[in-house]
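Trainee: Before anything else, here's the structure in question.
The values are calculated or read from the model by the stated rules, or taken from the named source; none is laboratory data. Quick caveat: nothing in here was measured; it's all calculated off a predicted structure. For neighbour counting, all protein chains shown are included, and Cβ atoms are generated from backbone atoms with ideal geometry for every residue, glycine included. Surface accessibility is based on the protein's heavy atoms, side chains included, excluding ligands, DNA and RNA. Shrake-Rupley method; radii C 1.70, N 1.55, O 1.52, S 1.80 Å.
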Amino acid sequence: RPPIFIGAGIIKYEHQIDQVAQLDTLAAVVLGSYSREQWYGNSQRGRYNVFHYDYETRAAYNAVNFENPGSETGSTYLPDQIKKLHDVGILVVVSVTALAHEDPKVVLPQMAEWALGLGADQVEIDVSCPNQGFDNLLCYDVDAVGEIIETVNIRAGRQAPKSLKVAA
């Protein structure tokens, strides 16, 4: 397989994963992001998605807030779907995030452990969402991110495959 993968954001539901399992061109897929609670996204909350490209700094900013079914619903189909993807040779990464009203130092380690417990090959810990504004991203708080990683290491093991999704 060529080293092609689909990043987090668009593949979250069973019917979408079924479609991905039929592709013979993917090496990996990032499922999610998933939050502990179901998230309805911007569109169903009467808010608009925001995307801004700063030509001077060449930086892109977004506050898209895609919906997701939450971990409880995801638990009903993800173990079988992850196995289905493994059976056709696709590596599975599950992306996890915390919602704005949640404490990410508590929720992200729980969610990382949840993702690995589903059978994911790796967990992506999203510390750039939810986007609360250009200067208010969790990934900019190095100490808090370090605490989260250490707690994930304690809960899931230091050897557990993990990555961070950060904003630049």
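Trainee: Quickly work out the Val142-to-Arg158 label distance, labels modelled 7 Å from Cα along the C-beta direction, and quote it in nm with one decimal.
Mentor: 2.1 nm
Trainee: Let me ask you something else. Name the long-range amide H neighbours of Tyr34: under 5 Å, sequence gap of 5 or more, or other chain; modelled H, no Pro or chain starts.
Mentor: For Tyr34, the qualifying residues are Ser95, Val96, Thr97.
Trainee: Can I ask one more? According to a simple spin-label model (label point 7 Å from Cα along Cα-to-Cβ), what is the distance in nm between Glu150 and Asp54?
Mentor: It is 3.1 nm.
Trainee: What does the accessible area of Glu37 come to, in Å² to the nearest 10, when a probe of 1.4 Å is used?
Mentor: Its heavy atoms expose roughly 80 Å² to the probe.
Trainee: What value does segment 98-168 have for Rg/Rh, both radii from Cα atoms and Rh as Kirkwood defines it?
Mentor: Working: Rg = 11.7 Å, Rh = 12.2 Å.
Reported Rg/Rh, Kirkwood definition of Rh: 0.95.
Trainee: Scaled to the compact-protein estimate 2.2 N^0.38 Å, what is the alpha-carbon radius of gyration of segment 68-138, rounded to two decimal places? The partial results should precede the final answer.
Mentor: Values: Rg = 13.4 Å, N = 71, 2.2 N^0.38 = 11.1 Å.
For segment 68-138, the normalised Cα radius of gyration comes out at 1.20.
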